[in-house]
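The values are calculated or read from the model by the stated rules, or taken from the named source; none is laboratory data. Owing to the predicted nature of the structure, the values given are computational and were not obtained by experimental measurement. When we count neighbours, we look across all protein chains shown, and the Cβ atoms used for this are built from the backbone with ideal geometry, even at glycine.
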Amino acid sequence: MNKIIHMGQLVPLSKEMKLFELIDGYPQLLSIFSRLDIKLPFGDISVEEMCEREGFDAELFMMLCNMHLEPEHRPVDKDLRVEMLGGVVAYLRSSHRYYTGYMLPHVAQHLERVLEHCDALSQRVLRSFYDDYVGFLASHFDEEERDIFSLIDNIATSLDANFSMLEAPHGDIDDRTNDIASLVIKSLPERVPTALRCSLLDHIYMLRDDLRRHSVVEMMLLRPLVAKFQNSVQR
């Protein structure tokens with residue numbers, strides 16, 4: 001079980017803990033609250049009370065927290081319930097909106113600050129590369145929405161639907177994100193202030209790591225839950 005170091009003590013990460021303890025111990029989990037549009041403030045309620053209020057499965061919420069905090073965390077198969085499938089799709093959809101509406105524009109803002117210190121050629125190259133990257137991600141998200149999520153919405157009447165895209169690797173996304181970081185590190189002129197360059201890199205790597213977690217949720221939650229549903233109705 002994960003533990004939070006809080007006021008010199010170890011606090012178990014559980015659905016019974018107070019939301020303040022969760023957020024104060026792991027502020028990086030705030031992005032989950034943001035993408036699920038969970039309303040603040042919470043007062044002194046627990047994680048479970050918050051989930052009940054928001055209509056979100058508490059056990060699933062804790063799985064997402066664990067997977068967000070520990071890249072190697074894998075949910076136990078016996079803890080996965082078919083009823084979680086809708087919540088996982090809702091989380092993944094909201095993550096797509098979080099990337100396109102917040103994280104990618106935020107990286108772009110930092111990129112523009114860096115480009116103010118670059119020559120015209122460097123500006124054209126990096127802007128073009130980033131625009132292509134954003135377009136690639138938007139196309140990938142649209143494909144998932146169309147070929148996976150829309151099928152899951154109607155899975156009860158689409159039992160023979162082909163979910164082979166769930167097996168597809170996401171290495172291209174990782175490679176393209178690393179390529180942008182490489183350009184920032186290797187190809188920008190030295191006159192770009194180090195603080196601006198490091199801030200841009202920090203946001204690029206945060207995006208890369210979040211996209212990796214997104215892929216893990218698809219592989220370790222969405223895929224087995226789809227299989228569980230299909231198996232349950234074929235018995």
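Return the residues of region 45-72 that are closer than 13 Å to residue 19 by Cβ and either touching a Pro at 6+ places or on another chain (Cβ under 8 Å) or assigned to a helix (DSSP H, G or I) (or both); say none if nothing qualifies. Residues satisfying the conditions are 47, 48, 49, 50, 51, 52, 53, 54, 58, 61, 62, 65. Screening residue 116 with (1) touching a strand residue (DSSP E or B) at 6+ places or on another chain (Cβ under 9 Å); (2) under 30 Å from residue 194 (Cα atoms) gives one miss only, at (1). Residue 56 falls short of the stated requirement of being out of contact with any Phe, Trp or Tyr (no Cβ under 8 Å at 6 or more places or on another chain) and in contact (Cβ under 8 Å) with a residue 40 or more places away in the chain.
Listed here are the residues, each with its yes/no results for (1) surrounded by 11 or more Cβ atoms within 10 Å (Cβ to Cβ); (2) modelled with pLDDT of 90 or more.
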{"residue": "145", "(1), (2)": "yes, yes"}
{"residue": "148", "(1), (2)": "yes, no"}
{"residue": "155", "(1), (2)": "yes, no"}
{"residue": "163", "(1), (2)": "yes, no"}
{"residue": "192", "(1), (2)": "yes, yes"}
{"residue": "195", "(1), (2)": "no, yes"}
{"residue": "206", "(1), (2)": "yes, yes"}
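Pairs are defined by a Cβ separation below 8 Å, a sequence spacing of at least 6 or placement on different chains, a first member in region 222-235 that is farther than 13 Å from residue 84 by Cβ, and a second member that is modelled with pLDDT of 90 or more and loosely packed, with under 11 Cβ neighbours inside 10 Å; no pair meets this definition.
Scanning region 55-81 for residues that are loosely packed, with under 15 Cβ neighbours inside 10 Å and more than 16 Å from the chain's Cα centre (by Cα), we see that the one that is farthest from residue 227 (Cα to Cα) is 55.
Checking the stated criteria, residue 110 turns out to be surrounded by 17 or more Cβ atoms within 10 Å (Cβ to Cβ), assigned to a helix (DSSP H, G or I) and not charged (D, E, K, R).
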